[in-house]
1. Rounded to the nearest Å, what's the spacing between the alpha carbon centres of the range B:358-386 and the range A:33-88? Just the number, please.
2. If contacts are Cα pairs under 8 angstrom and at least 6 residues apart, what is the relative contact order of the range B:228-297 in percent?
3. List the longest stretch of chain B that has no exposed loop site; here a site is one of the GluC sites (Glu not before Pro) assigned by DSSP to anything other than H, G, I, E or B, with at most 16 other Cβ within 10 Å.
4. On a straight-distance basis, which aspartates and glutamates could pair with B:Lys170 in a cross-link, Cα separation under 16 angstrom, same-chain partners fewer than 8 positions away excluded?
5. Dipole of chain A (Lys/Arg Cβ +1, Asp/Glu Cβ -1, origin at the Cα centre): which of A:Ala100, A:Ile61, A:Val18 lies farthest to the positive side?
6. Quick check on chain B: of the DSSP beta bridges with both residues there, what percent are antiparallel, nearest 5%?
7. Report, in debye and to the nearest 20, how large the dipole of the range B:262-421 comes out about its Cα centre when Lys and Arg carry +1 and Asp and Glu carry -1 on their Cβ.
8. Over all residues in B:14-21, what is the mean tally of Cβ atoms on other chains that come within 10 Å of each residue's Cβ?
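Just so you know, all these numbers are worked out from the coordinates, no wet-lab data involved. Being a predicted model, the structure only gives us computed values, none of them experimental. Ideal geometry is used to build each Cβ from the backbone, glycine not excepted, and the neighbour counts take in all protein chains shown.
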Amino acid sequence: MARGKLKRSVQASTILEVVVSMVIIVVAFGIAMMIYTNVTRMSLSAKKIRAQMLLQETMLIAEHTSANVTQTINKDDFRIEKEVKPYHEDAVLTDIHLTAYDQNQQKVAELRKIIINQP
Amino acid sequence: MVKASALYIVIIIALVIAVICSSLIISAYFYRIQYQKKFRYDQLENNLNSGVNIILASSDTAYAKERTLSLFNGDADSVSLQRLTWGIYDVGIVKAFIQKDTLFKIFSIANAIDSSKWAALYLVDEDRPFSLSGKTTIRGDAYIPKAGVQQAYVDNKAYQGDKRLIIGTKHISDKKLPVLNDQRLKQLEQYQDQNVTNDHALTKTDSVTSSFLKPTRFVNFKKEAETIKNIKIKGNVVLLSDTTLTIDSTAVLNDILVFARTIIVKSGFHGSCQLFAADSVSIQRNCRFDYPSCAGILRFKPPPVKSQAKITIGNHTDFSGVIFTYEKMETPVKPLISVGQYATINGQVYSQGILELKDSTKVCGSVFTSRFLYKNTFTLFENYLINTTIDSKALSRHYLTSELLPVSKKNKKVLQWLEAN
């Protein structure tokens, strides 16, 4: 049976066919890699989610704190800038603006909220 | 003979790659859209909460009409705020929107308790002592007459409660009760004077739900004595009547306001609403009023026929909220609040006149009254408490009061989330 298979002849491709197919395959792979890189780059990074969660947590703490001041907080791998100011000169309301930066000092996430001052 | 067909094979491989790539692009596109949507909704939720805080911190009149504002003068931070008066409480309406996406929250607002003014008992000083008998418990701070508190022997029963008589700090009370908030009373008076057309639709349906986003639905029965039965009414609805309004046990009322001359609630009723009457509120036995409810007598004008304003709470009834009486002009016959046997009140009782607490009643919260009354078959005792419990510690620490009552703090909190999307 093995001998029978060997006896079957295979027609070779021409050099032109091989070259064209190689070009097509390279172009196809190139486009595929480009798309893949773009998709992974554009998708939400875990870092961004972590930064967002961290800001939510910081905001929650700020809402239950009586004395909020403008400060820089270092948490995990992030630097959080906390800006505190009265909202429209209202003594009861405070405008809290949180911005998270990564190690490359790139802005990763932002959160702003008006809270009621704790007595 | 097998053909090499390198081109065909490559085209098929390229096709497969194209399919994989296109699915990758589509999934990334949907993921991105969903992420943007989530991000937008997170931002909306954040703006909405900021709006809620602005409403809670605002003065009463600042947002009486709907106001739209930009929170931080940015692109995606528009909110629309409104605050309505809703009986003894307020209702806040907050909408946050970015492009076509809108989130809204509707909630009732109440005041925190001022612990410096809060008391389990405030009994006006009428230059006579206050007596306790039977298994009576008073737990919490108490404002009592200068003559003090003493044990008494009534109905062949001696005092069997705690030796301290009042488990808490004792203060001396004034000759008059702390007054109700005048501004809130004026707002309640406006409801009574509403002159609106009759809404017959109420009698034709079995369920009425009105959103606070829409204008208030007034149903005026005028001089027809009406019975509300086999119907569920919820939300932004005000029932008005110039005469007697009967609420049957088959009716379910939630969050609504009822203004009438006389209100009768049939036994077995279950709901949460605010009832205001000029003459009397009669709640029969085995009813359950969930928090936040209210039963009040509002007498801004003297009645045409001299009659005693009265609130009756039937036996075994549970009432959570506020019970109060108010008469603008003092009359010789003082208003009466009568609480039946085994009835439980979770909240506050403010009686400008007389408060009758029958055997085995329990008030988890606070009692403000000018005078106590206890009746047995033969005798009538004034300023006696017999087999009664007044326990301010038993009240939930999350309990919020109305600014109408004198123990309220200025800062406001969310009482109940009514509607949201």
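1. Going from one Cα centre to the other spans 59 Å.
2. Worked out over the range B:228-297, it gives 26 percent.
3. Working: sites that count: B:Glu66, B:Glu126, B:Glu224, B:Glu330.
It runs B:225-329.
4. Here the aspartates and glutamates satisfying the reach criterion relative to B:Lys170 are B:Asp125, B:Asp141, B:Asp162, B:Asp391.
5. With unit charges placed on the Cβ atoms, the residue in question is A:Val18.
6. Details: 35 of 134 bridges.
Here the share of antiparallel DSSP bridges comes out near 25 percent.
7. Working: 19 positive and 11 negative charges, 41 e Å.
Using only the charged Cβ atoms, the result is roughly 200 debye.
8. Details: counts 8, 1, 1, 7, 3, 0, 3, 8.
Per-residue shielding by partner chains comes out at 4.
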